[in-house]
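In what follows, a single structure is set out as structure tokens and then discussed.
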Amino acid sequence: MTGEPGRGPDPFGIKNGKKRELAPADRTGQDVDHSQRARVRAGDHDEFGVLFTEHARAVYNHAFRLTGTWSAAEEVVSLTFLEAWRLRDTVRPEGGSLLPWLLGISLNVARNASRAARRHQAAMSRLPPPLTVPDFADELAGRLDDAEQIRSAASTRR
């Protein structure tokens, strides 16, 4: 993928046709419909899909800014929504958009991934270097040459 995050091919396959239209009150954050919060909290699979559709791109862009790589950002998005599903019962019934909650989760996921990568690198650096295995190609070529010379010498004697 090339270009900027949020532009070009959609890494999550979100179709604009499936996106739920927001009422003007939803866009301003006033008179927010609490039913999405209640349905997500209750574990409604379809509403969680709507939540993903509405906010995956914003979470992806945030994750890209945090990680700096497309693949790491995609992994952060996946883990963010997995963690959001796991933590769905912690959603407060009152409040506005769930995007800040998702962005907070993605920040923690990106930090955890970075910490795990640092720990892995530190553990790998403490391992002894791999043993060097001698290259047997030169020795084998020398043996083959010697065998050929012996055959030549034996055939010239006869």
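The values are calculated or read from the model by the stated rules, or taken from the named source; none is laboratory data. None of these values were measured; they are calculated from a predicted model. All Cβ positions, even for glycine, are placed from backbone atoms using ideal geometry, and neighbour counts span all protein chains on display. These accessible areas exclude ligands, DNA and RNA; they are computed on the full protein's heavy atoms, side chains included. Shrake-Rupley method; radii C 1.70, N 1.55, O 1.52, S 1.80 Å.
Within region 25-65, the set of residues being farther than 12 Å from Arg88 by Cα, outside any loop (DSSP other than H, G, I, E, B) and modelled with pLDDT under 90 comprises Ala25, Asp26, Arg27, Thr28, Ser35.
The set of residues in region 53-102 that are of a type in the set (Asp, Glu), within 19 Å of Arg37 (Cα to Cα) and within 19 Å of the chain's Cα centre (by Cα) contains only Glu83. The set of residues in region 128-141 that are of a type outside the set (Asp, Glu) and open to solvent by 100 Å² or more (accessible area, probe 1.4 Å) comprises Pro128, Pro129, Pro130, Leu131, Thr132, Val133, Pro134, Phe136.
Quick check on region 90-109. Is at least one of its residues charged (D, E, K, R) and within 30 Å of Ala42 (Cα to Cα)? Yes, region 90-109 contains at least one residue that is charged (D, E, K, R) and within 30 Å of Ala42 (Cα to Cα).
Within region 93-127, if we keep just the residues that are in contact with a helix residue (DSSP H, G or I) (Cβ under 7 Å, 6 or more places away or on another chain) and not in a helix (DSSP H, G or I), the residue that is farthest from His62 (Cα to Cα) turns out to be Pro93. Within region 142-158, the set of residues being open to solvent by 90 Å² or more (accessible area, probe 1.4 Å), of a type in the set (A, V, I, L, M, F, W, C) and within 60 Å of the chain's Cα centre (by Cα) comprises just one member, Leu144.
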